[in-house]
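Structure, as structure tokens:
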Amino acid sequence: MAGLSALGWLAFLALWLLQAAVFWRGIESIKHFTEWAGPLIYVVMLALDLYLLQRVGFIHGLHAIKQSLSFTSVETSSRGAFSAFIMTITLTISYFSAPMLNFGDFARYAKNIKDIRRGNFWGLPVNFLAFTALTLSTIALTVPAFGVRITDPVETVSKTDNVTVIIIAILAFMIATAGINVVVNFVSASFDFSNLAPEKISWRAAGLLAAFLSVFITPWNLYNSPAAMHFTLDFLASLIGPFYGIIIADYFIVSDRSISVPDLYSLSPKGLYWYENGINRSTVLTLCLSASLANASGFLPILADFPGISWFVGCVAAILLYPWLSSENPETTQKAKYRS
């Protein structure tokens, strides 16, 4: 039904309920849950690598990893290598574009900017590179271990001979997935829906609304089709890029890095960010124009080799358009008054 078997629905609902339970307990509960859910996946992946090394032999395993990570046997043109490099960058940014946009939902709870920078350093480049190396090593070891390259760690675990190991690993993957989904999907969506009508929609109610809507998207169907997944990421990036560009342009150019925090949370028509009936027309127009340009870029032959480029197009377009449209809009003059 809807692309899932009865067992699939059971697994999906179990994970859905786990995520909802963690979210319902509040931000502190989410913080504590992710503090150990994240490292748990490292433990499982390291254990899986050690198991595969023991299965194929330490020396043979290291040779397989080295051979897999070597590009000397890959024949490609300079243009092809450059295209692949750019494609990897654009797809990675498209994938992480949503977390970049909702970063403020978590940075707001930091004690100071030093903690934010330290967390970003260890959590982004260091963690990303370390986990990428660990994942690539696991994939490389599946070739000598099972005779075929396996990219899904869950499938790799299923091929082990120990039922206890399989159960523990699947539970760990489930907990880690719940931790990621709560952070990336629940929290941001709950703030967004709640901000539409804060006096009527509570943070928890907004989160549950997002959870129920996620069922109708049937995300498993997207992941089952790489083409559909890439198209979805590219389309979302064409919308998220302009949002990101507007935020950057507004803070650094239009507002000159000046923000009235009390007015951010004010619903008064006299508030600095009320604009016209609560809507900033410059922002809406910039979003529409930038998103249109970003989507149109996907049809240009010259950009055919760069899927995911829509994020960059939308972001740059918004950064250029928003200051100009704001200068033509009398609603933004109150910001100038605030800066002065």
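The values are calculated or read from the model by the stated rules, or taken from the named source; none is laboratory data. Values in this document were obtained by computation on a predicted structure and should not be read as measured data. Glycine also receives a Cβ, built like all others from the backbone with ideal geometry; neighbour counts cover every protein chain displayed.
Structure data summary
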quantity: Test result for Thr218, at pLDDT below 85 and on the phi > 0 side of the Ramachandran plot; calculated: yes
quantity: Any hit, the range 191-212, residues being surrounded by fewer than 16 Cβ atoms within 10 Å (Cβ to Cβ) and under 30 Å from Thr135 (Cβ atoms); calculated: no
quantity: Residue match in the range 26-33 (condition: touching a Gly at 6+ places or on another chain (Cβ under 8 Å) and either in the same structural domain as Tyr109 (by TED's automatic domain parsing) or of a type in the set (Phe, Trp, Tyr) (or both)); calculated: yes
quantity: Single match in Val157, Val165 (criterion: more than 21 Å from Gly123 (Cβ to Cβ), among the β-branched types (Val, Ile, Thr), surrounded by 20 or more Cβ atoms within 10 Å (Cβ to Cβ) and assigned by TED's automatic domain parsing to the domain that holds Leu134); calculated: Val157
quantity: Condition met for Ile116 (outside any helix (DSSP H, G or I) and either surrounded by 14 or more Cβ atoms within 10 Å (Cβ to Cβ) or at pLDDT below 85 (or both)); calculated: no
quantity: Residues being assigned to a helix (DSSP H, G or I) and either aromatic (Phe, Trp, Tyr) or under 24 Å from the mean Cα position of the chain (by Cα) (or both) - total across the range 123-179; calculated: 32
quantity: Which listed residue is more than 18 Å from the chain's Cα centre (by Cα), in contact (Cβ under 8 Å) with a residue 12 or more places away in the chain, in the same structural domain as Asn329 (by TED's automatic domain parsing) and surrounded by fewer than 17 Cβ atoms within 10 Å (Cβ to Cβ), from Leu285, Leu264, Leu272; calculated: Leu285
quantity: So Thr142, is it of a type outside the set (Phe, Trp, Tyr), exposed (fewer than 15 other Cβ atoms within 10 Å of the Cβ) and modelled with pLDDT of 85 or more; calculated: no
quantity: Verdict on Pro153 being at pLDDT 85 or above and either in contact with a Gly (Cβ under 8 Å, 6 or more places away or on another chain) or basic (Lys, Arg) (or both); calculated: no
quantity: Hey, Tyr223 within 27 Å of Ile89 (Cα to Cα), loosely packed, with under 12 Cβ neighbours inside 10 Å and either out of contact with any Cys (no Cβ under 9 Å at 6 or more places or on another chain) or not aliphatic (A, V, I, L, M) (or both) or not; calculated: yes
quantity: Of residues in the range 266-313 being among the small types (Gly, Ala, Ser) and out of contact with any Ser or Thr (no Cβ under 7 Å at 6 or more places or on another chain), the one modelled with the lowest pLDDT; calculated: Ala304
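Results for (1) under 16 Å from Val184 (Cα atoms); (2) at pLDDT 85 or above; (3) within 23 Å of the chain's Cα centre (by Cα), shown as yes or no for each residue.
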position: Gly8; (1), (2), (3): no, no, no
position: Val22; (1), (2), (3): yes, yes, yes
position: Val43; (1), (2), (3): no, yes, yes
position: Gly57; (1), (2), (3): no, yes, no
position: His63; (1), (2), (3): no, no, no
position: Phe71; (1), (2), (3): no, no, no
